[in-house]
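Notes follow the structure.
The values are calculated or read from the model by the stated rules, or taken from the named source; none is laboratory data. These numbers were taken from a predicted model, which means no experiment stands behind them. Virtual Cβ from ideal backbone geometry, glycine too; neighbours counted across all protein chains shown.
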Amino acid sequence: MTLLSENPDTFKNIVPQISGDLFSENPESRFTINVLSGKEVVADTPSPLVQAYLKLRADVYIDQIRVLEEERRRQDGTEIDDDDERSTHFVLLENKLGEVAVFGCMRLIEKSRQHNAPLPIEEFYPESFPKPARNGAIEVSRFIVRHPEQRQRSRAKFNLIRAGLVHSLANNLGPIFATIEPEFERDLRVSGVPTVRVTEPKFIEEYNTTNFGISVDKIALKQAMDAQNLTPDSLNTPGELFWGTVETPQEIVRS
């Protein structure tokens, strides 16, 4: 998982937009997180939202930060892998008054009885896992936020992280792992996410960069969120998380 450039110029021509009524129940909200199941993502006939989500992944990971090879891009311009079916997917959406921008995402890869293959971190760092990670362990992956406003990027990252925490708490999942670059570790700390390194740095051929593995201190993160009244009950469910107010065309003209 790579921390992506904060340069707003890199956001141009990278964020897909789709038509749809994803904000029909909250038309005044500017942002939301939509949660997708693994089955939805790997379906033979995916929805326009899934198509846009997978295209964002391809455009960022293949074209922008170049941690995946061109051969990973499918004919429809999307990117998918064997871990998608066993993952829960979180997609950041922005209300564009008639269209919806798909500007970020995250997936949680889950190890379970049904899908008990090693997590990516176990395959990258077998020396750090003499014993396999238990069923219920999850790994954060494909973490992307592409928005030109720094304030909205920060809020979106935080809401992705807390949506993932709510999901893990609601489903009794954990521990939470991630394979990251040093820059992303700093980004997590700024966001208030307590982490512990569980591997030594190593060049990961699949990502074409040096990464290391971390574990998220779920208890400390929950305590920090509780201190801000950000409990699972107060957050409802990730799929109901809306924030911000969309500007109407009249407001944009006046401003």
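Surrounded by fewer than 19 Cβ atoms within 10 Å (Cβ to Cβ), among the hydrophobic types (A, V, I, L, M, F, W, C) and either within 19 Å of the chain's Cα centre (by Cα) or part of a loop (DSSP other than H, G, I, E, B) (or both): is that true of ALA117 in this structure? Spelling it out, ALA117 is indeed surrounded by fewer than 19 Cβ atoms within 10 Å (Cβ to Cβ), among the hydrophobic types (A, V, I, L, M, F, W, C) and either within 19 Å of the chain's Cα centre (by Cα) or part of a loop (DSSP other than H, G, I, E, B) (or both). A Cβ distance below 9 Å, combined with a sequence gap of six or more or placement on separate chains, defines the contacts here; from region 69-90, residues that are touching a residue at least 24 places away in the same chain (Cβ under 8 Å) and within 16 Å of CYS105 (Cβ to Cβ) reach residues that are hydroxyl-bearing (Ser, Thr, Tyr) and buried (at least 18 other Cβ atoms within 10 Å of the Cβ) in the pairs THR78/TYR53; GLU79/TYR61; ASP83/SER141; SER87/SER141; HIS89/TYR53. Residue pairs whose Cβ atoms lie under 8 Å apart, separated by 6 or more positions or on different chains, with the first residue in region 117-134 and basic (Lys, Arg) and the second not in a helix (DSSP H, G or I), are ARG134/LYS111.
Residues of region 90-107 being outside any loop (DSSP other than H, G, I, E, B) and surrounded by fewer than 23 Cβ atoms within 10 Å (Cβ to Cβ), which ones?
Step one: list which residues in region 90-107 are outside any loop (DSSP other than H, G, I, E, B), which gives 90-95, 99-107.
Selection gives GLU94, ASN95, GLU99, ALA101.
Residues considered: VAL91, VAL41, VAL60. Of these, the only one that is among the hydrophobic types (A, V, I, L, M, F, W, C) and in contact with a His (Cβ under 8 Å, 6 or more places away or on another chain) is VAL41. Taking the listed residues ARG153, ARG107, the one that is modelled with pLDDT of 90 or more, closer than 30 Å to SER24 by Cβ and within 12 Å of the chain's Cα centre (by Cα) is ARG107, with no other qualifying. Does PHE129 count as aromatic (Phe, Trp, Tyr) and buried (at least 22 other Cβ atoms within 10 Å of the Cβ)? No; evaluated as a whole, the condition is false for this residue. Within region 132-156, the set of residues being charged (D, E, K, R), surrounded by 23 or more Cβ atoms within 10 Å (Cβ to Cβ) and over 16 Å from VAL102 (Cβ atoms) comprises just one member, GLU139. Scanning region 150-173 for residues that are touching a helix residue (DSSP H, G or I) at 6+ places or on another chain (Cβ under 8 Å) and not in a helix (DSSP H, G or I) returns a single hit, LEU173.
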